[in-house]
Amino acid sequence: MGDDTTMTAPAARFRAAVEDRDLAALEELLTEDVRLYSPVKFRPFEGKPAVVGLLRVLLRTFEDFRYVGEFAGSAETSADGTATPSSVLIFRATVNGKEVHGMDLLHHAEDGAGAGRIDEINVMVRPQSAVQALGEAVLAGLVADGLAPAPARA
């Protein structure tokens, strides 16, 4: 593991795949049981098909997406509190006219079949108005892709 300014190999590959909008490379980088914790949903997206589907929507939703910083170290996972090698990628983007500041916390699988890949992603976004705009846009994308039911009308 590098110091807190050196990006790890999984994070560098994740960043390159996002910047290239390369969904196949992202899919290859994720473990089968990957979890993604979203700022707009209480429960995580679980498993590669669900996370890849969400990433597909996010790649379409974010405008002017760019990474502006990175850190490496270790952090406890949300799933079981185990400390794992981790990276933080800081980003800026726009969603439906709202400026978004955010970060991706990537946890790296250390052993077994998933070694060298990402097994947990925590996405954090601010401000609240951006979280709301992102939530609405992502839900619309998930519904359009058949990955979520249309909201019930009141």
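Every number in this text was worked out from the coordinates using simple rules, so none of it is lab data. Note that the structure is a prediction, hence the values are computed from the model and not measured. Reconstructed Cβ throughout: ideal geometry from the backbone, glycine too, with neighbour counts over all protein chains shown.
Taking the criterion of being part of a strand (DSSP E or B) and acidic (Asp, Glu), the residues of the range 82-133 that qualify are 99, 104, 119, 120.
Which one of 97, 116, 102 is out of contact with any Ser or Thr (no Cβ under 9 Å at 6 or more places or on another chain), surrounded by 13 or more Cβ atoms within 10 Å (Cβ to Cβ), at positive phi and not basic (Lys, Arg)?
Working: 97 fails: surrounded by 13 or more Cβ atoms within 10 Å (Cβ to Cβ); 102 fails: at positive phi.
The unique qualifying residue is 116.
Give the range 30-81 a look and list any residue that's of a type in the set (A, V, I, L, M) and touching a residue at least 60 places away in the same chain (Cβ under 8 Å), or say none. Write out each step before concluding.
To start, the set of residues in the range 30-81 that are of a type in the set (A, V, I, L, M) comprises 30, 34, 36, 40, 50-52, 54-55, 57-59, 68, 72, 75, 79.
Matches in the range 30-81: 30, 34, 36, 40, 50, 51, 54, 57, 58, 72.
One residue stands out among those in the range 51-72 that are of a type in the set (Phe, Trp, Tyr) and touching a helix residue (DSSP H, G or I) at 6+ places or on another chain (Cβ under 8 Å): the one that is farthest from residue 8 (Cα to Cα), which is 65.
Annotation note: Cβ proximity below 8 Å between a residue of the range 83-98 that is over 14 Å from residue 118 (Cα atoms) and a residue that is exposed (fewer than 15 other Cβ atoms within 10 Å of the Cβ) and among the hydrophobic types (A, V, I, L, M, F, W, C) (sequence gap 6+ or interchain) occurs for 90/68; 91/68; 92/68.
Just one of (1) crowded, with 17+ Cβ neighbours inside 10 Å; (2) within 13 Å of the chain's Cα centre (by Cα); (3) within 14 Å of residue 18 (Cβ to Cβ) fails for residue 90. It is (1). Scanning the range 3-41 for residues that are part of a loop (DSSP other than H, G, I, E, B) and either closer than 17 Å to residue 105 by Cβ or in contact with a helix residue (DSSP H, G or I) (Cβ under 9 Å, 6 or more places away or on another chain) (or both) yields 4, 5, 6, 7, 8, 21, 22, 38, 39, 40, 41.
Within the range 124-136, the set of residues being under 26 Å from residue 87 (Cβ atoms), surrounded by fewer than 20 Cβ atoms within 10 Å (Cβ to Cβ) and touching a residue at least 40 places away in the same chain (Cβ under 8 Å) comprises 124, 131, 135. Restricted to the range 92-109, and to residues there that are touching a strand residue (DSSP E or B) at 6+ places or on another chain (Cβ under 6 Å) and among the charged types (D, E, K, R), the residue that is nearest to residue 74 (Cα to Cα) is 104.
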